[in-house]
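Reviewing the structure listed below.
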């Protein structure tokens, strides 16, 4: 259950931990009807980012987050203590609706950590090391999306662009500021370190003092989907407009990265 890896020659790595829809048969038979919808998939995100700028490296999950969540701490520690969130193997949707007929136990966690979680992060770590060796710096841009309205997780309507740097510690200030400038100039709604401050990927890999910078981008799905309910179809017009903003963000990161290596 290895992830899909495409190696580019630039300094930016796109991580896609939640686009997978693969569900092993032994997991599928234990999901209930709601679970089999795979509602919390990051629908079409890898398509949204495809080919935006030259030289991108991509690491793309193939398995559903309901098998095991690749953006959660493998220890099971909560990313947001005291706030509603889903775990390493989710028990519910983002609407707090159960997804299991037969819930997973410790043996399931151990199995899918070994079969899915560790291979994904081994692949991502290998690309970080390769890119940093080539450029002296690597930028991990963690790609996500979520429904714009999830009352169990947050109040109101989520902005289009949700930038996460864990309070500014996972990347250089210049990178954070540059992404915010593009977001502000886009005319879209956006926030820095709002409800989503960066998950385990951003927090684990973001070591700017070692030349590895990490930023999470959580997109509200209404910015690019026809509907946030099944069949979760991509809206081509919305997607094309959003791709222009994302292209500018990635081009800005790729342009700034070599300067950080020389600093």
Exercise for review: Report yes if residue 218 is in contact with a strand residue (DSSP E or B) (Cβ under 8 Å, 6 or more places away or on another chain), under 20 Å from residue 71 (Cβ atoms) and not in a helix (DSSP H, G or I), otherwise no.
Suggested key: yes
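Suppose we filter 247, 236 for residues that are within 19 Å of residue 15 (Cα to Cα) and surrounded by fewer than 17 Cβ atoms within 10 Å (Cβ to Cβ); which single one remains?
Working: 236 fails: within 19 Å of residue 15 (Cα to Cα).
After applying the criteria, what remains is 247.
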Review point. Only one of (1) outside any loop (DSSP other than H, G, I, E, B); (2) in contact (Cβ under 8 Å) with a residue 24 or more places away in the chain; (3) touching a helix residue (DSSP H, G or I) at 6+ places or on another chain (Cβ under 8 Å); (4) farther than 28 Å from residue 119 by Cβ is not met by residue 238, so which one is it?
Key: (2)
Practice item. All but one of (1) within 20 Å of residue 41 (Cα to Cα); (2) in contact with a strand residue (DSSP E or B) (Cβ under 9 Å, 6 or more places away or on another chain) hold for residue 227, so report the exception by its number. Key: (2)
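Residue by residue, here is whether (1) at pLDDT 95 or above; (2) in contact with a strand residue (DSSP E or B) (Cβ under 7 Å, 6 or more places away or on another chain); (3) surrounded by 22 or more Cβ atoms within 10 Å (Cβ to Cβ) holds:
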| site | (1), (2), (3) |
| --- | --- |
| 67 | yes, no, yes |
| 85 | no, no, no |
| 125 | yes, no, no |
| 136 | yes, no, no |
| 139 | yes, yes, yes |
| 143 | yes, yes, yes |
Review point. Out of (1) surrounded by fewer than 21 Cβ atoms within 10 Å (Cβ to Cβ); (2) in contact with a helix residue (DSSP H, G or I) (Cβ under 7 Å, 6 or more places away or on another chain); (3) at pLDDT 95 or above, the odd one out for residue 258 is which?
Key: (3)
Review point. Can you tell which of 102, 116, 109 is touching a strand residue (DSSP E or B) at 6+ places or on another chain (Cβ under 6 Å) and either within 21 Å of residue 142 (Cα to Cα) or not in a strand (DSSP E or B) (or both)?
Key: 116
Review point. Which of the residues that make up region 48-70 are part of a loop (DSSP other than H, G, I, E, B) and over 23 Å from residue 233 (Cβ atoms)?
Key: 53, 54, 55, 56, 67, 68, 69, 70
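Residue by residue, here is whether (1) without any contact (Cβ under 8 Å) to a residue 40 or more places away in the chain; (2) buried (at least 17 other Cβ atoms within 10 Å of the Cβ); (3) more than 16 Å from the chain's Cα centre (by Cα); (4) in a helix (DSSP H, G or I) holds:
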site	(1), (2), (3), (4)
162	no, yes, no, no
167	yes, no, yes, no
175	no, yes, yes, yes
184	yes, no, yes, yes
187	yes, no, yes, no
196	no, yes, no, no
201	no, yes, no, yes
Review point. Of all residues in region 50-63 being surrounded by 23 or more Cβ atoms within 10 Å (Cβ to Cβ) and within 13 Å of the chain's Cα centre (by Cα), which is nearest to residue 131 (Cα to Cα)?
Key: 59
Check your understanding: Of all the residues that make up region 1-45, how many are in a loop (DSSP other than H, G, I, E, B) and either surrounded by 15 or more Cβ atoms within 10 Å (Cβ to Cβ) or at pLDDT below 95 (or both)?
Key -> 21
Practice item. Evaluate the following for residue 125: is it in a helix (DSSP H, G or I) and out of contact with any helix residue (DSSP H, G or I) (no Cβ under 9 Å at 6 or more places or on another chain)? Key: no
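The values are calculated or read from the model by the stated rules, or taken from the named source; none is laboratory data. Predicted model only: the values in this text are computed from it and were never measured. Note that each Cβ is placed from the backbone with ideal geometry, even for glycine, and that neighbours are counted across all protein chains shown.
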